[in-house]
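**Student:** I'd like to ask you about the structure that follows.
The values are calculated or read from the model by the stated rules, or taken from the named source; none is laboratory data. Keep in mind the model is a prediction, meaning the values are calculated, not measured. Methodologically, a virtual Cβ is constructed for each residue, glycine included, from the backbone with ideal geometry; neighbour enumeration extends over all protein chains shown. The accessibility values were calculated without ligands, DNA or RNA, using every heavy atom of the protein model including side chains. Shrake-Rupley method; radii C 1.70, N 1.55, O 1.52, S 1.80 Å.
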Amino acid sequence: MLVNAKQLEQKIDQYYHKIITKYELGLWSMQAYYELMKGEYIEIDKLQIYHFLRTISTFHQIPNDIADEYPCTEEEVLNMKEILCGKRDINYTFNIKISKNIYQNQNYKTRYMSFEKLQKNIEQLSLDNIPPSIPDEWIEYINEDIKEVQTLIDLLECHIKGIITENIDLEEKIIDFRQSVGIYVGGANINKQNFIPNLKKLLDCIMGNIFFRVSIVYTKGTPHLSLLL
């Protein structure tokens, strides 16, 4: 289902211009929210409107005091409109975990196997047992292109490849912590201390073993998603 911030803004505009009804807006939002929760939440465009969809998905429902069910209000929809059109800036942060069910999809099975292979390689390392040369699998892995960052998996993988790339000498095929660039962080020793733990954490995140935090900032109507690791 094609859903993003711009499309949600258009749907809300259609409601205020009486092109669609309250029921139609609520029903569309509910369907989009259900699809998101079934797995589409890993798509960055859709995750950026998670908070809005969760709220507006009840807009068409009738209040039920007995069941303690209260739908989204007109005021809440108006607040969304102001954020989406750039009149208000806002920041959301929340925890998220990638469901392992995502990797049942044929498109992701091969990638999961790559993560498993990399994880096994890294688990054999320690700060006192870093080999002078890097495995050929690492070279093959970091040389695989990510065509476009569209999902959380793409974004996490960019972090993984970035950490590996900045700490190896590709010509010599060796790990070299002096290559990594940092600002007031302590140089090569800090890079060495953090190299293995950071990779392990990122792999645990991308493989759905642990949760991590996401930040979504709306500035002048444009959403920006970043990872808080």
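**Student:** Compute the Kirkwood hydrodynamic radius of segment 1-106, taking the inverse of the mean of 1/r over all pairs of distinct Cα atoms, and give it in Å to one decimal. Before the final figure, lay out each step's value.
**Tutor:** Working: mean 1/r = 0.0679 Å⁻¹.
After inverting the pairwise mean of 1/r, the radius is 14.7 Å.
**Student:** Amide H to amide H, which residues 5 or more places from Ile20 or on other chains are under 5 Å from it, using H placed in the peptide plane?
**Tutor:** When sequence neighbours closer than 5 places are left aside, the close amide H contacts are Tyr15.
**Student:** With 19 Å as the limit, write out which pairs from Lys6/Lys97; Lys11/Lys81; Lys120/Lys200 have Cα-Cα distances beyond it, or answer none.
**Tutor:** Cα-Cα > 19 Å for Lys6/Lys97; rest within.
**Student:** When the Karplus curve 6.51 cos²θ - 1.76 cosθ + 1.60 is applied with θ = phi - 60°, which whole-Hz ³J(HN,Hα) does each residue of segment 153-169 get, with x for Gly and Pro?
**Tutor:** Computed from phi, the couplings for segment 153-169 are 5, 4, 5, 5, 5, 4, 5, 4, 5, x, 5, 5, 4, 6, 10, 10, 9 Hz.
**Student:** On the protein heavy atoms, probe 1.4 angstrom, tell me the percent of accessible surface of segment 34-133 carried by carbon and sulfur.
**Tutor:** Percent of accessible area from carbon and sulfur atoms in segment 34-133: 47.
**Student:** Return the FRET efficiency for the residue pair Thr219, Asn101: r is the Cβ-Cβ distance, R0 is 30 Å, and the value is rounded to the nearest 0.05.
**Tutor:** On the way: r = 33 Å, r/R0 = 1.11.
Approximately 0.35, to the nearest 0.05.
**Student:** Calculate the FRET efficiency for Lys147 and Glu69 from the Cβ-Cβ distance with a Förster distance of 45 Å, rounded to the nearest 0.05.
**Tutor:** 0.55
**Student:** Another question about this same structure. Ile19 to Arg54: extension gain in nm, 0.36 nm per residue of separation minus the Cα-Cα distance?
**Tutor:** Roughly 10.4 nm would be gained on extension.
**Student:** What number comes out for the charge environment of Val149, summing +1 per Lys or Arg and -1 per Asp or Glu over other residues with Cβ under 15 Å away?
**Tutor:** In short, -3.
**Student:** Among 36-49, 136-149, how do they line up by average Cβ neighbours within 10 Å per residue, starting with the highest?
**Tutor:** 36-49, 136-149
**Student:** Go ahead and run the numbers for FRET between Asn121 and Lys6, Cβ-Cβ distance against an R0 of 30 Å, rounding to 0.05.
**Tutor:** 0.15
**Student:** Follow-up question, since we're still on this one. For Lys200 and Glu166, compute 0.36 nm times the residue count separating them, minus their Cα-Cα distance, and round to one decimal in nm.
**Tutor:** Full extension from Lys200 to Glu166 adds 10.6 nm.
**Student:** Once you list every other residue whose beta carbon is under 13 Å from the beta carbon of Asp204, what net charge do they have if Lys and Arg are +1 and Asp and Glu are -1? Write down the numbers at each step before the final one.
**Tutor:** Numbers: positive: Lys97, Lys100, Lys200, Lys201; negative: Glu116, Glu123.
Residues near Asp204 contribute +2 overall.
**Student:** Hey, another quick one. Rounded to two decimals, what ratio of Rg to Rh does the chain give with C-alpha atoms and a Kirkwood Rh?
**Tutor:** A ratio of 1.08.
**Student:** Per DSSP H run of at least 4 residues, take -39500 (n - 2.57); add these up for the chain, divide by its residues and hand me the 222 nm value, nearest 500 deg cm²/dmol.
**Tutor:** -15000 deg cm²/dmol
**Student:** Sticking with this one: Rolling a 1.4 angstrom probe over the protein heavy atoms, how many square angstrom per residue are accessible across segment 53-129?
**Tutor:** 65
**Student:** Quick check: residue separation of Gln193 and Tyr92 times 0.36 nm, minus the Cα distance between them. What number comes out in nm?
**Tutor:** That pair, Gln193 and Tyr92, stretches by 33.2 nm at full extension.
**Student:** Of the peptides 203-211, 166-174, how do they stack up when ordered by the mean number of other Cβ atoms within 10 Å, highest first?
**Tutor:** Sorting 203-211, 166-174 by mean packing, highest first, produces 203-211, 166-174.
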